[in-house]
Amino acid sequence: MTEVDPTVDAPATRPRMSGIGRVLVAVYAVLALAATGRSFVQIATKFDEAPLAYLLSALAAVVYVLASVALIARGRTWYVVAWATIVFEFTGVLVVGTLSLVDPALFPHDTVWSAFGRGYLFIPLVLPLLGMWWLARHPVRRGEATA
């Protein structure tokens, strides 16, 4: 008789948001609030000074909000959304971070991702790496809801 590994086919018995997952989501949520607040104030009060930088901060805020929700939600669809938002975030941090150092005139005012997130203690650079690591370690299991 062959043994069946119950962890392979059965849905998770413990919540996905436990331990480091909770910390990861909390940091994403705080960053989402910070980026949303910052971009709102920038766009409302001085949009004409650096529209690209402020729109990028607003985009970062949307990405952080979506990543927060996707990390919490269950199912294959949200798992894919989490991967997509976190990879997009990491790409944005690398591109905007590099451009802000190579050609500072492109970003006369900082964005969330300028200088690789220097204004946010480099959390925007490290967070997606942790997010990708966590997602790779916690894939959607067979039998878990698809939505």
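Name the residue that is nearest to the chain's Cα centre (by Cα), counting only residues in segment 48-80 that are open to solvent by 80 Å² or more (accessible area, probe 1.4 Å) and more than 24 Å from residue 136 (Cα to Cα).
Here the residue is 55.
Criterion first (among the hydrophobic types (A, V, I, L, M, F, W, C) and open to solvent by less than 10 Å² (accessible area, probe 1.4 Å)) does residue 84 satisfy it?
Spelling it out, it is not the case that residue 84 is among the hydrophobic types (A, V, I, L, M, F, W, C) and open to solvent by less than 10 Å² (accessible area, probe 1.4 Å).
What's the total number of residues in segment 72-100 that are of a type in the set (D, E, K, R) and either closer than 18 Å to residue 121 by Cα or part of a helix (DSSP H, G or I) (or both)?
Selection size over segment 72-100: 2.
Starting from segment 98-126, keep only residues that are touching a residue at least 24 places away in the same chain (Cβ under 8 Å) and open to solvent by less than 70 Å² (accessible area, probe 1.4 Å), then list their pairs with residues that are aliphatic (A, V, I, L, M) and part of a loop (DSSP other than H, G, I, E, B) whose Cβ atoms are within a distance under 8 Å, requiring at least 6 positions of separation or different chains.
Filtered contacts from segment 98-126: 107/50; 109/50; 120/112; 124/112.
Just one of 112, 87 is modelled with pLDDT under 95 and among the β-branched types (Val, Ile, Thr); which is it?
112
Of everything in segment 30-47, what is open to solvent by 80 Å² or more (accessible area, probe 1.4 Å) and closer than 17 Å to residue 123 by Cα? Give them in sequence order.
30, 33
The values are calculated or read from the model by the stated rules, or taken from the named source; none is laboratory data. Since the structure is predicted, the reported quantities are computational estimates derived from the model, not experimental observations. Note that each Cβ is placed from the backbone with ideal geometry, even for glycine, and that neighbours are counted across all protein chains shown. Just so you know, the surface numbers come from the protein's heavy atoms only, side chains and all, with ligands and any DNA or RNA stripped out. Shrake-Rupley method; radii C 1.70, N 1.55, O 1.52, S 1.80 Å.
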